[in-house]
Amino acid sequence: MAEFQEISKLSALHPKPAGLVLQYGTSGFRTNAKQLDHIMFRMGLLATVRSKKTKATIGVMVTASHNPEEDNGVKLVDPMGEMVTQDWEEHATQLANADQEDLLTALKNIIEKEAINMSQEANVFVGKDTRSSSASLSQAVLDGVSALGGHSKDYGLVTTPQLHYMVCCQNTQGKYGEATVEGYYTKFCQAFIQLTKNTSNRTDDQKHLCLDGANGIGALKVREMESHLKKELQISLNNDGSKGRLNHQCGADYVKVQQKPPTGIKINPGERCCSFDGDADRIVYYYTDSEGTFHLLDGDKMATLISTFLKELLTQAGLDLKIAVVQTAYANGSSTHYLENTMKVLVRCTKTGVKHLHHVAQEFDVGVYFEANGHGTVLFSKAAEEKIQQLAEDTNVNDERKKAALLLRNTINVINQTVGDAISDMLLIEAILAIKGMTIQQWDTIYTDLPNRQLKVKVADRRVIDTTDAERRAVTPAGLQEAIDNLVKKYRQARSFVRPSGTEDVVRVYAEADTQESADALAHEVSLAVY
Ligand code: 16G
Ligand code: ZN
C-alpha cells in the first residue's frame, strides 16, 4: 500500500536510537526529550490507527507534566477524553521499541490484530506544553499522522486536560462543549459565575487567590481565561513562565513532596494559595498561619470538601443517587476515616494511576476521585445527570429542592469530567468555598492529617516487589509483608506500604503514624526491610 512506502521514507527522518527500550508507563512515555523524536512519530502512527479503529478522534498530548524541563513525554487520549486502553498501551510499547527496519512489521501486526480497516478516515488532535522541546516533538507526532494519511488538528499550546476536553467535545458532537480553547473557557467560567452569583457579599479578600503556575502552560492559560471570570475570581499569578524554569522549586509536585511553599513567593498569613503542575492536571492548595507554619490541602482534602458539598446538595435535592470517593493507598488515613465514619460516604481504594481511579469512579452515580498528589475530578453517570437536569427544570418542586438541583447542574458544568484538571478543580473549589462562606483555615480543620512520610529506595530490580489489595500489601518477595506488619505494630495509628514506582526506577515507601517522629521512623525501618 502506498501509505506504507511513505512511512518507510518518513520514519527514516525520525530514527530510533539503537538499543533504546522505553515503556508506555502510568502516564505514557516519559524520558529525556532527546530520546523521544522517534517515539513521537510512532505515536502519530498509532493514534491514526487507533482513530481508524474507534472511528473517532484521538488525542496526543506532548508533555512530561511535573518532570524537569529537559524531559518530555507523550500520552494518547481515547474518544471520550479518557486515557487510552491497556491493550493499546501494549501496542504503543511494541511500536516504540521496534528496530528501525522492523517498524513496518510491528505496525502491520497491530493493524492485523485489531482488524483495522485502513480505508477508514482518521482524525488526531495534538497538543503540547511549554517545554522548549515540545515544538519539534509535536511536529514529529503530526508527521506520523500524515505519514498514514490521517487528518490532524494542532491545538498548539494547551494544558493536558484541555486536550482531553477537545477530544471529548469533538466525539460527542459538541454536546460536552465547543472543541476550542474559547469554548473551554466559556463553559467552565460561565458555570463558575452561575455558582457564585448568589453568594452573599464576597469581599475582595474572599475573591482573591494566589496561584503558582509552575512556570508552565497552566499559567499561560489562566492569563487567557481571566477576562471570562469577570472579576469574580481575582488571581495573582506567580511563576508565570516569564522568569523561572518550569517546575523548578515550584508547582504542585514540589509543594506536595517538599511540604513547603514554592521558593520565592511571598505569602501573607492566611492567604489562600494553590499550585498547578507543569501540564495543569494537578492542583494543591495551601496557606501559612500567623506563626508561619505551612498547611497543605492536598487531593484528599479536596475530595472531602467536594464530596461533602455534593452529598449535602443531593440530600437537599431529595435525589437518591449513590456517591462514592475513590482514593489510592496514599490517601491519608484521617481522610478515609472522616469520609467513612463522619460523612458516611462510600470509599473505594484503587491502584495508583489516574486510569484506575477513573474506572472505579465510573461505577457510581457520582464518583469523586482524587490522588493525594492533587489529580482528580468528579464523574456523574448519565442517569444522574438526567435526574438532576429534570429536577432543575421541574416547576412543581419546592424552592429548596430546586435551588439544590440548580447548584448541582452548575457544579456538573464547572467540572471537567474527562480527566483531573487544575483549572476546573480550582474553579470548583473556589465556588464551594464561596457558597459555604468558608475560609481555607476552616476547610483545613474538617479533619487533621496523620503525620506521614514518603521515601524512595533504590534497589537492584524493583519488579521483584509485587503487590495486591490496591498496592496496600506486598505479595513478593516472601517475608516482606510480614516484616512490614511487625514494624507497623510498634507504632500507634500506623500504616505503611511499599510499591514499585511506575515512573521511576525506585521503590516507594509510605508510612503514617500518630506523630511525625513515628512516621519518619517507620518509613525508615520499612525502607531497610525493602533492601
Ligand atoms: C503518574 C500518574 C499519576 C500517579 C503517578 C505515580 C497519570 C496521568 N499520572 O504521574 O496519577 O500518581 O504516576 O507515580 O496517570 P509513581 O508510580 O512513580 O509513584
Ligand atoms: Zn501533570
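Read the figures in this text as sums done on the coordinates, not as results from a lab. None of these values were measured; they are calculated from a predicted model. Positions of Cβ are generated from backbone atoms using ideal geometry, with glycine treated the same way; all protein chains shown enter the neighbour counts.
Here are some notes:
- Residue that is farthest from ligand 2 (Cβ to nearest atom) [pool: residues in the range 262-285 that are over 19 Å from Leu428 (Cα atoms) and either under 19 Å from the mean Cα position of the chain (by Cα) or free of Cβ contacts under 8 Å to residues at least 40 places away in the same chain (or both)]: Pro269
- Single match in Ala115, Ala122 (criterion: surrounded by 16 or more Cβ atoms within 10 Å (Cβ to Cβ), away from ligand 1 (no atom under 16 Å from the Cβ) and farther than 26 Å from Val222 by Cβ): Ala122
- Matching residues in the range 1-57 - criterion: being of a type in the set (Phe, Trp, Tyr) and over 24 Å from the mean Cα position of the chain (by Cα): Phe4, Phe41
- Glu101 falls short on exactly one of the conditions (1) in a loop (DSSP other than H, G, I, E, B); (2) surrounded by fewer than 18 Cβ atoms within 10 Å (Cβ to Cβ); (3) out of contact with any strand residue (DSSP E or B) (no Cβ under 8 Å at 6 or more places or on another chain); (4) not aliphatic (A, V, I, L, M), and that condition is (1).
- Residue within the range 225-240 that is in contact with a Lys or Arg (Cβ under 7 Å, 6 or more places away or on another chain) and within 16 Å of ligand 1 (Cβ to nearest atom) present: no
- Of all residue pairs spaced 6 or more apart or on separate chains, those with beta-carbon atoms under 7 Å, a first member in the range 385-396 that is touching a residue at least 12 places away in the same chain (Cβ under 8 Å) and a second member that is of a type in the set (A, V, I, L, M) and assigned to a helix (DSSP H, G or I) are Glu385/Ile412; Ile388/Ala405; Ile388/Leu408; Ile388/Ile412; Leu391/Ala317; Leu391/Ala405; Ala392/Ala405; Ala392/Leu406.
- Only a single criterion out of (1) free of Cβ contacts under 8 Å to residues at least 40 places away in the same chain; (2) outside any helix (DSSP H, G or I) is not satisfied by Glu504, namely (1).
- When the test is whether a residue is under 22 Å from Ala179 (Cα atoms), more than 16 Å from ligand 2 (Cβ to nearest atom), out of contact with any helix residue (DSSP H, G or I) (no Cβ under 6 Å at 6 or more places or on another chain) and not polar (S, T, N, Q), Asp87 does not pass it.
- Complete set of residues in the range 136-170 that are surrounded by 18 or more Cβ atoms within 10 Å (Cβ to Cβ) and over 17 Å from Met61 (Cα atoms): Ala147, Leu148
- Selected residue (only one of Leu209, Leu319, Leu305, Leu314 is away from ligand 2 (no atom under 15 Å from the Cβ) and assigned to a loop (DSSP other than H, G, I, E, B)): Leu319
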